[in-house]
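No value in this document is a laboratory result; all are computed from the given coordinates. All figures in this text were calculated on a predicted structure; none of them were measured in a lab. Don't worry about glycine lacking a Cβ; one is built from the backbone with ideal geometry, like all the others, and counts go over all protein chains shown.
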Amino acid sequence: MSDLHVEVAAHHEAPEIVDHRQRLGIWLFIGGDVVTTGALIFTYLYLRAVNTNGSWMSVVGLPANGRSASTLQGILDDGGSMIKNIETPLSAGFAWLLVAVLVASVGLYWLGEVRLRSSASGRSAFIALSVLAGIGLIAYIVLSIVQLRQVPQYWRAENDSMLFIYSTYGSCMLALGVSAIIHAIILAFLSFGSATRAAVGVLSHEKWYQARLIRYFSVWVALASVVLTLVVTTLNVN
Amino acid sequence: MTSTLTSHAPAHTSGGGALRRLNFVTALIGGVLFGVLAWWLAHTFLDAGGAGYSDQVTVLTGCGWVVGFLLGIGALTGPGKWFTGRDQTHADEMYLAGKDLGRKRYFQYTTDHKVVGVQYIFATMALLGTGGILAMGIRTNLLTPGNHFVNQQVYNGFLGVHGMLMILGLIVAVAGPWANFVLPIQVGARDMAFPRLNALSLWTLVAAIPLLLGSLAIGAMDMGWVTQAPIANQAGIGFDLFAMSIITFTISTTVAGVNTICTVLTMRTKGMTMERLPIFAWASIFAAGLGLYAFPFFLVVMSLNLADRMVGTSFFVASGGGTGWLQENLFWLMGHPEVYVILLPAVGAMLEIASVFSRKPLFSYRTVIGGMAGLCGLSALVWAHHMFTTGWAPTLGGPFMLTTELISIPTGVIFLVMLGTIWRGNIWMRLPMVWVFGFIANFIVGGITGIYLSDIPVDNQMHGTMFVVAHFHYVFVGSVLFGAIAALCYWFPKVTGRYLDEKMGRISFWLVFIGTHVTFLAMFVSGMRGMPRRYSSYSMLFEHTNFVSTIGAYMIMAGMLVLLGAFIVSWRSGEPSGPNPWNAKSLEWMVPTPVPLENFEVLPVITSDPYTYGEA
Ligand code: HEM
Ligand SMILES: [Cu+2]
């Protein structure tokens, strides 16, 4: 029976090996996410480049804010025609504010990781900083929703039905915004989870590298938001 | 040793927690409950007058199903435990690995890679089986020119769902069962790198299948498997579930791909250098890596299409400024690499078989790895050969023609390596090898017609005809399916301890082999005479060749049924095979059959590659 325990012990691999494997795993997931983000950027640049009939930022229709489909129907029945609406880009300042909030949250988490790594007493700092990062991320999500509500919507008539549509610029902003929100939700989950894990003691000074895995992902998300914001704030008008 | 471990560890009495009560049945219940709940919420709270309302309801119902199913199987227990800091105990892990659970473990969120592999065998059979039934429906409809076996609307739905079921089925046909069951043993590991993610990939796949079948039930889909916009934007609500199914599936493959790569790169036993890896392991990581690149495009193109339908974005809607070309680009950026994601594992498995049954080392090991690498690299640069006739970027036609013709070089290299391996070998003509020979004959036809199609002047004539359909069926049915069956025959004894019945297997082979040529050679002729693909009825001009194709298709079906029979009979009462029936040298044949829970009592130390046949 004694050799049995040797064997069982052998099945538990050294933490460094497990960590190495998990890091590779995270990098691969990030790789997949890079392609996903790349596909969205491709979409954005493609639609801006083709700009069919000058439609990138303009739409033939009735600005929708608060108006119902029957309003449009009424205008059409009165012999009125739809107007061509020219949009303006969303506020660049607000977009950079969003980036700032995200980068700050990720920075807080990273700082927490540094503290956790440096000493056993860094754990309480880590808990506090992860919670702050999580709160920052929630703020980011709320602000992103506010931003998405600025994307103009239009009513238009097509094939006998009233459609609610976005310009291609608006469509891209919507897709990028939703993608950012999904990422922020995941990061918030990971940040608060880190805090609870550290609070109950499973994430400790000795296991600081578990926080590093999350930081890798957060840094990528922050980086992506910088790149995306650069693209959408510079390459936007017709 | 392992049996001592069994009686010693108290795993089965304490581990598992909440997971003890969860299984496939609770997953189904959870899926249905959440689906209904989501449907009800959507109905109650969404604006019924709004555009996209029915799509919103359908998508939310689909989401409800997936979430409920994953909750019900226990996939979300892990993240929940992680969040609250209650990590799994050793007993939990043992329970999850299915220790002492008997058959029950096949219906649970089990992490043991061998169980997952077997689950994948059945998931693959479900996908290919239902896809095959739809194929029979399609071919029956095409039996005679004006035959209306099903109405046109249903026919279109059959076509799209048949295509996608088969694509998903073939993506997992080799990688699912064998990169799970065999691969960890081949590299000398006790399990996959991330066992729980392994179970996750399987069960997300299972969650995706009913969505695809459900899409057919609620119907009205004319967009084909390529989900061409704007047809997909106009399709009925069936498309919403169709797209949801694919989105769910991309999660499954991404998770599986990461797992496969990490297993090979970080779990190898002592002495298992990259140069001693069995070629199947190399093929698996190349395919997994290529999948990590390709499937995000799938996720994006389906999500954008759903957004167009649900909330009024105009990505692919011309009247809103979008363009169908964008859809095609995104789709084929995924679509072409994907055909190699499908092909590579099958080829890897067949290279193993070729070496074992020729009793010869793999011919030019490094060359084939180079060939696979070249294939992966180039496959990202050829997508627009699917768009030659669409009018998109005509100036890029030349470059894409060039890259497409170039990709036949690494493809040819791999093919020659297979021939070189068999060349002058002492061939042992057992069932797996029979299918490999079938592959060799078929792949030549599939590959060479591909080169014809990459030539733009030819493609201008052939695009959109049955010629293209015949080309890719030669590669999918004639090559990948043959490879998948070869792999099944080869590794079946490792799973069951029994041979797959040789006689029934050969009957099946001849039916499928002859059927493939009858069906698709005739289809080439239909195509060359100008018969467009995707039509439910056709001119008298194509009468004879279509009749022949349909007869061939029935032969394939008959052959597959015989194979299914062989599978069932052999699993129950086939001839016992012992642990290493083929006298092979890779590690999976060195462990006992049935393979113990942790594969190896003591991890082996490797001193040579597994292809030392004829040497000592
Ligand atoms: C020598 C290698 C190959 C070449 C040069 C090649 C070339 C082509 C070309 C040019 C087309 C476009 C035809 C058209 O739509 O007009 C095509 C279609 C297709 N090929 Fe290949 N091919 C090759 C191998 C393969 C392999 C190995 C697979 C699968 C494992 C495959 C699967 C497909 C599929 C699925 C389509 C059509 C998809 C559709 O339109 O629905 N091909 N091929
Ligand atoms: Cu292709």
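Nearest 10 degrees, 0 to 90: what angle lies between the long axis of helix A:168-200 and the longest principal axis of chain A (Cα atoms)? In chain A, helix A:168-200 runs at an angle near 20 degrees to the longest axis. Please work out whether the range B:187-264 counts as rounded, prolate or oblate from its C-alpha gyration tensor, where a ≥ b ≥ c are the square roots of the eigenvalues and a/c under 1.5 means rounded, while otherwise a/b larger than b/c means prolate and anything else oblate? Judged from the Cα gyration tensor, the range B:187-264 comes out prolate (a/c at least 1.5, a/b above b/c).
A crude spin-label estimate for the pair residue B:213 and residue B:395, with each label 7 Å from Cα along the Cβ direction, gives 5.1 nm. Spin-label model, residue A:202/residue B:33: points 7 Å from Cα along the beta carbon direction are separated by 2.4 nm. Shape of the protein assembly as shown from its Cα gyration tensor (a ≥ b ≥ c, root eigenvalues): rounded if a/c is under 1.5, otherwise prolate when a/b > b/c, or oblate? Oblate, because a/c is 1.5 or more while a/b does not exceed b/c.
Given +1 at the Cβ of Lys and Arg, -1 at the Cβ of Asp and Glu and no other charges, the dipole of chain A around its Cα centre is 560 debye to the nearest 20.
For the range A:74-120, the equivalent ellipsoid built from the Cα gyration tensor has semi-axes of 53, 11, 5 Å, listed from largest to smallest. Derived scalar couplings between HN and Hα for the range B:79-95 equal x, x, 5, 4, 4, 8, x, 9, 5, 5, 7, 4, 5, 4, 4, 5, 4 Hz in order, rounded to whole Hz, by the Karplus curve 6.51 cos²θ - 1.76 cosθ + 1.60 (θ = phi - 60°), x for Gly and Pro. Ordering A:108, A:51, B:167 by the projection of their Cα atoms onto the charge dipole of the protein assembly as shown, which places +1 on the Cβ of Lys and Arg and -1 on the Cβ of Asp and Glu, puts A:108 at the extreme positive end. Computed from Cα atoms, the angle from the helix A:209-234 axis to the main principal axis of chain A rounds to 20 degrees.
Take the Cβ atoms of residue B:103 and residue B:150, set R0 to 51 Å, and the FRET efficiency comes out at 0.85.
Counting charges near residue B:574 (Lys, Arg +1; Asp, Glu -1) among other residues having Cβ under 9 Å from its Cβ returns a value of 0. Each Lys and Arg adds +1 at its Cβ and each Asp and Glu adds -1 at its Cβ; summed about the Cα centre, the protein assembly as shown shows a dipole of about 1100 debye. Would you mind getting me the FRET efficiency between residue A:146 and residue B:81? Use the beta-carbon distance for r and R0 = 41 Å, nearest 0.05. Efficiency, from the Cβ-Cβ distance: 0.75. Couplings 3J(HN,Hα) of the range B:113-119, computed from phi: 4, 6, 5, 4, x, 5, 4 Hz, in residue order, whole Hz [Karplus 6.51 cos²θ - 1.76 cosθ + 1.60, θ = phi - 60°; x for Gly and Pro].
Measuring between their Cα centroids, the range B:240-302 and the range B:199-229 lie 20 Å from each other.
Within the same chain, lysines fewer than 8 places from residue A:207 are excluded, and of the rest, those with a Cα less than 18 Å from its Cα are B:81. Shape call for chain A from the C-alpha gyration tensor, a ≥ b ≥ c root eigenvalues: rounded (a/c under 1.5), prolate (a/b greater than b/c) or oblate? Note, shape of chain A comes out prolate. Couplings 3J(HN,Hα) of the range B:149-163, computed from phi: 5, 10, 6, 4, 4, 5, 4, 4, x, 3, 4, x, 6, 4, x Hz, in residue order, whole Hz [Karplus 6.51 cos²θ - 1.76 cosθ + 1.60, θ = phi - 60°; x for Gly and Pro]. Say R0 is 45 Å: what FRET efficiency, to the nearest 0.05, do residue B:359 and residue B:25 get from their beta-carbon distance? It comes to 0.40. If you take all other residues with their beta carbon under 10 Å from the beta carbon of residue B:469, and give Lys and Arg +1 and Asp and Glu -1, the sum is +2. Loop-only check: which trypsin sites (Lys or Arg not before Pro) in the range A:145-229 are DSSP coil with at most 15 other Cβ within 10 angstrom? Here the sparse-neighbourhood loop sites are A:149.
With a cut-off of 20 Å, note down the residues of the range A:147-168 whose backbone N falls inside the zone around a label point 7 Å from the Cα of residue A:67 toward its beta carbon. Zone members listed by number: A:149-168. Counting Lys +1, Arg +1, Asp -1, Glu -1, what net charge surrounds residue B:397 among other residues with beta carbon under 14 Å of its beta carbon? Net of charged neighbours comes to -3.
The magnitude of the dipole of the range B:109-589, with charges of +1 and -1 set on the Cβ of Lys/Arg and Asp/Glu and taken from the Cα centre, is near 1220 debye. Given contacts defined as C-alpha pairs under 8 Å and at least six residues apart, what's the relative contact order of the range B:109-589, whole-number percent? Over the range B:109-589, the number comes to 16 percent. If the segment from residue B:534 to residue B:419 were pulled out straight at 0.36 nm per residue, it would be longer than the present Cα-Cα gap by 37.8 nm.
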